[in-house]
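Step one of this worksheet: look at the structure below.
The values are calculated or read from the model by the stated rules, or taken from the named source; none is laboratory data. Quantities reported herein were computed from a predicted structural model and do not represent experimental measurements. Neighbour counts are summed over all protein chains in view; Cβ atoms, including those assigned to glycine, are modelled from backbone coordinates with ideal geometry. Just so you know, the surface numbers come from the protein's heavy atoms only, side chains and all, with ligands and any DNA or RNA stripped out. Shrake-Rupley method; radii C 1.70, N 1.55, O 1.52, S 1.80 Å.
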Amino acid sequence: MLYSQTQIAETCQQLGAQLSKDYHGKKPLVICVLKGAILFMSDLVRQMDTDMEMDFMDVSSYGNATESSGAVKILKDLDISATDRDVLIVEDIIDTGRTLACLVDLLNHRHAKTVKICTLLDKPERREKKISPDYVGFKVPNEFVVGYGLDYQGLYRNLPYVGILKPEIYMQNQ
Ligand code: 5GP
Ligand code: MG
Ligand code: MG
């Protein structure tokens, strides 16, 4: 286990308090990047004391493996227009940064007023794209982590904590 349920709850509270200040008097469009960010998003917004709208996007980057495929494809787009909105992207983890680089470009292209990133986990060692999140829960080492929304082959998203996946689990599938 890397981060317990209690540690995650504290972090959501701190991030929520900061976001409430930073978005005071605004009405951000809070975007959950499916599926990994759903648990974080739902805990985070409950700590944000501001008007907001929520929307969801699904983009593919990892498929079923532990390594990125490189390509980023939109599987589900926003329902609400991002034009002129203060957009807050909520992510589970930033690894190479490819997914977010692509999303930020897209939102700027659609003329969002501001685009900020809040990620539960940041794995800066593997960064390929210049992406620096505005809000970070925890910096994680270069390990494959699961739980609290993060999966391995669709499993473990429901764990209430974040843990490092035992290498023997993915080794046996390679
Ligand atoms: P990036 O495009 O930054 O390389 O990867 C972003 C996406 O890859 C994340 O949103 C997440 O879905 C997946 N990912 C990256 N690192 C991990 C990890 O350690 N564990 C899990 N479960 N997914 C990861
Ligand atoms: Mg994600
Ligand atoms: Mg995944």
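Out of (1) more than 12 Å from ligand 2 (Cβ to nearest atom); (2) touching a strand residue (DSSP E or B) at 6+ places or on another chain (Cβ under 6 Å); (3) closer than 24 Å to V162 by Cα; (4) open to solvent by less than 30 Å² (accessible area, probe 1.4 Å), the odd one out for M48 is which? Failing condition for M48: (2).
Scanning segment 19-57 for residues that are in a helix (DSSP H, G or I), under 17 Å from the mean Cα position of the chain (by Cα) and not β-branched (V, I, T) gives L19, L39, F40, M41, S42, D43, L44. Check T99 against each of (1) in a strand (DSSP E or B); (2) of a type in the set (V, I, T); (3) crowded, with 22+ Cβ neighbours inside 10 Å and name the one condition it does not meet. Every condition holds for T99 apart from (1). Within segment 71-96, the set of residues being assigned to a loop (DSSP other than H, G, I, E, B), open to solvent by less than 30 Å² (accessible area, probe 1.4 Å) and out of contact with any helix residue (DSSP H, G or I) (no Cβ under 7 Å at 6 or more places or on another chain) comprises L78 only.
The condition (being within 11 Å of ligand 1 (Cβ to nearest atom) and modelled with pLDDT of 95 or more) is satisfied by just one residue among G25, G63, G36: G36. When K116 is tested against the conditions (1) closer than 25 Å to D43 by Cβ; (2) touching a residue at least 24 places away in the same chain (Cβ under 8 Å); (3) open to solvent by less than 50 Å² (accessible area, probe 1.4 Å); (4) not in a loop (DSSP other than H, G, I, E, B), the lone failure is (3).
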